[in-house]
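Colleague: To start, I am sharing the structure in question, which I have written as structure tokens.
Values quoted throughout were computed directly from the atomic coordinates according to the rules given, and no laboratory measurement underlies them. For clarity, every value in this text was computed on a predicted model and none was experimentally measured. Cβ coordinates were reconstructed from backbone atoms using ideal geometry, including for glycine residues, and neighbour counts include every protein chain displayed.
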Ligand code: SF4
């Protein structure tokens with residue numbers, strides 16, 4: 001039976017020859033993930049189940065990233081619960097401060113995910129790892145607690161929507177613009193219970209970093225997972241990071257898709273999501289030159305080295321506009337270190353940015369860069385819901401790193417071409 | 001399983017940041033979490049919500065983050081069930097897992113209004129608008145999910161087996 005890559009991974013992990021959309025399957029999990037917000041509840045579930053041991057101490061990753069370095073007593077307690085659980089069960093992949101960064105940046109970087117894997121995380125952006133040709137989906141804490149104990153979970157096989165990107169990208173247009181455009185097309189509930197498969201000549205040329213950005217936001221369309229077929233670029237990325245080689249699967253040519261969208265990219269401009277929804281998309285030429293109070297470059301969507309590098313290249317020798325607070329947060333310690341080595345950090349400091357320690361930062365409005373009433377921010381993250389980054393009467397716009405960089409210097413939402 | 005209460009109406013795409021803003025997620029205690037349910041969207045909610053009240057909403061309820069704190073805060077605040085045209089995937093799963101009834105219906109959100117009294121028979125999937133004496137039927141739930149709900153959540157369900 002012809003299958004999509006998602007179906008193949010699910011079939012393999014269910015011990016089945018084939019699966020088809022709508023079926024409920026029980027699958028083995030290769031890696032289970034939780035963070036400082038979701039782990040404590042999952043641990044509570046694990047305990048209430050009466051479980052004594054975790055299913056596999058090497059297949060669990062616990063990443064404190066949302067409120068670290070601990071922002072207050074309560075969040076310190078949450079991390080403590082997580083840390084103590086990790087110690088007690090000798091969890092191999094617990095990331096202490098100094099090693100920790102954003103979960104979805106750290107895990108691929110450390111080679112913990114290989115193509116063909118099945119990863120379940122108590123975080124909605126777990127779908128990021130689809131960039132590597134893995135099946136990965138977010139769940140809540142109870143599901144994760146049960147997985148910690150059993151290593152298994154139930155899933156409904158999703159039908160797949162195929163996205164085919166064709167043509168040639170203009171300068172200043174990349175993965176973030178492609179996914180924002182796609183969200184505008186599908187809407188925030190356009191892919192609920194579905195898998196999104198990113199294909200076409202354009203995706204073949206995208207770096208891993210840009211693929212992570214796109215897969216990351218699959219959940220913004222409500223998708224269960226987003227996935228790329230792994231290729232040479234994936235292989236190169238893996239070779240530097242993991243001793244496991246992974247399973248390089250491809251969708252069968254006659255696989256069944258519920259829907260297909262062809263997206264021509266030739267005339268695509270940089271895209272911006274306006275408040276208060278990631279599907280409220282406009283090309284930059286149609287966005288009002290909104291005056292900004294804050295620009296945030298970071299998050300699991302765009303806190304990778306390439307993102308910082310692109311921004312720094314554009315910003316060299318310039319200054320942040322008066323009245324703009326420019327916050328940059330590298331997604332992991334190694335990105336931070338590399339950014340120092342390459343002079344990116346110095347460039348950004350000269351521009352007037354403040355550089356935060358690797359963590360989620362202001363992305364979820366909990367820590368380090370919260371917005372006051374009436375303030376407006378441009379962010380490279382993935383959500384701009386009401387109150388996402390602070391006061392319920394603040395506003396968040398979403399864009400790529402280069403648009404964010406240009407806007408920080410100009411002081412209003414602007415294209416890199418305006419520099 | 002019968003639930004009865006007043007209707008709280010919400011629109012489409014109510015996201016988990018609206019159900020409970022992230023700034024309150026630095027604790028795991030459900031009673032603390034419940035205090036901030038719909039804090040930004042409807043600050044009066046937590047003061048006025050009664051046990052068994054029913055949240056009625058449009059499409060894609062619970063979109064956004066995977067935080068189980070969202071259904072947990074609602075359940076602990078006293079909400080008896082959510083009836084929406086559709087739910088975001090993770091929220092839907094989380095709700096069952098903690099034994100919090102969520103039902104899909106196209107009609108109910110069109111036909112009931114804020115403050116209406118509604119009763120709900122979970123085993124039949126029947127929803128009754130008491131004042132108008134109208135009967136609606138929610139989309140059926142798969143058997144094993146109903147069993148999870150009956151048991152009171154996934155933990156209790158797994159323990160029983
Ligand atoms: S960076 Fe933002 S979206 Fe990503 S995991 Fe952290 S809070 Fe969630």
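Colleague: Considering every residue in A:122-131, what mean count of other chain Cβ atoms within 10 Å of its Cβ is obtained?
Modeller: 2
Colleague: Still on this structure, please answer the following. Starting from 0.36 nm per residue, how many nanometres of slack lie between residue A:254 and residue A:350 once their C-alpha separation is accounted for? Don't jump to the answer; show the numbers that get you there.
Modeller: On the way: separation 96, 0.36 × 96 = 34.56 nm, distance 5.38 nm.
Extra length available between residue A:254 and residue A:350 comes to 29.2 nm.
Colleague: May I ask you to derive the FRET efficiency for residue A:96 and residue B:133 from their Cβ-Cβ distance with R0 = 60 Å, giving the value to the nearest 0.05?
Modeller: 0.45
Colleague: If you take each beta carbon of peptide B:115-128 and count the beta carbons of other chains within 10 angstrom, what is the mean?
Modeller: Average per residue, whole number: 0.
Colleague: Which FRET efficiency value, to the nearest 0.05, do you get for residue A:88 and residue B:30 by plugging their Cβ-Cβ distance into 1/(1 + (r/R0)^6) with R0 = 25 Å?
Modeller: 0.60
Colleague: Highest mean first, what order results for A:150-158, A:191-199 on Cβ atoms within 10 Å?
Modeller: Details: A:150-158: 19.1, A:191-199: 24.8.
Put in order of decreasing packing, that is A:191-199, A:150-158.
Colleague: Let me ask something additional. Quote the relative contact order of chain A in percent (integer), defining contacts as alpha-carbon pairs under 8 Å separated by 6+ residues.
Modeller: Computed value for chain A: 17 percent relative contact order.
Colleague: Kindly work out what percent of the DSSP beta bridges joining two residues of chain B are antiparallel, to the nearest 5.
Modeller: 50 percent
Colleague: By the gyration tensor of its Cα atoms, with a ≥ b ≥ c the square roots of the eigenvalues, what is the shape of chain A: rounded for a/c under 1.5, prolate for a/b over b/c, or oblate?
Modeller: oblate
Colleague: Quick check: from the Cα gyration tensor, does region A:48-158 come out rounded (a/c under 1.5), prolate or oblate?
Modeller: The shape class here is oblate.
Colleague: Then there's this: Any idea how far apart residue A:372 and residue A:417 come out in nm if each label point goes 7 Å out from Cα toward Cβ?
Modeller: The two pseudo-label positions are separated by 3.6 nm.
Colleague: Separate question: How high is the relative contact order of chain B, given as a whole-number percent (alpha carbon pairs under 8 Å, six or more residues apart)?
Modeller: 24 percent
Colleague: Something else now. Taking a ≥ b ≥ c as the square roots of the eigenvalues of the Cα gyration tensor of chain B, is the shape rounded (a/c under 1.5), prolate (a/b larger than b/c) or oblate? Don't skip to the answer; put the middle values down first.
Modeller: Working: a/c = 1.58, a/b = 1.11, b/c = 1.43.
Verdict is oblate for chain B.
Colleague: To check you understand DSSP bridge types, tell me what percent of the beta bridges within region A:272-418 (both residues inside) are antiparallel, rounded to 5.
Modeller: Working: 4 of 18 bridges.
Of all bridge pairs located within region A:272-418, approximately 20 percent are antiparallel.
Colleague: Still on this structure: Can you say what percent of the DSSP beta bridges in chain A, counting only those with both residues inside, are antiparallel? Round to 5.
Modeller: 20 percent
Colleague: I would also like to ask the following. Within 10 Å of each Cβ in peptide A:69-78, how many partner chain Cβ atoms are there on average? Round it to a whole number, please. Don't skip to the end; give the middle numbers.
Modeller: Working: counts 0, 1, 2, 2, 2, 7, 3, 1, 4, 4.
Mean shielding count: 3.
Colleague: OK, next. Quick check on the protein assembly as shown: helices-only [θ] at 222 nm, where DSSP H runs of length 4 and up contribute -39,500 (n - 2.57) each and the sum goes over total residues. Nearest 500, please.
Modeller: After summing the helix terms and dividing by the residues of the protein assembly as shown, the value is -8500 deg cm²/dmol.
Colleague: While we're looking at this one, here's another question. Distance from the Cα centre of region A:216-256 to that of region B:124-150, in angstrom?
Modeller: Measuring centre to centre over Cα atoms gives 40 Å.
Colleague: Distance between Cα centroids, region A:147-214 to region A:379-417: provide it in whole Å.
Modeller: Centre-to-centre (Cα) distance: 21 Å.
Colleague: Between region A:67-132 and region A:292-369, what is the C-alpha centre distance in whole Å?
Modeller: About 22 Å separates the Cα centre of region A:67-132 from the one of region A:292-369.
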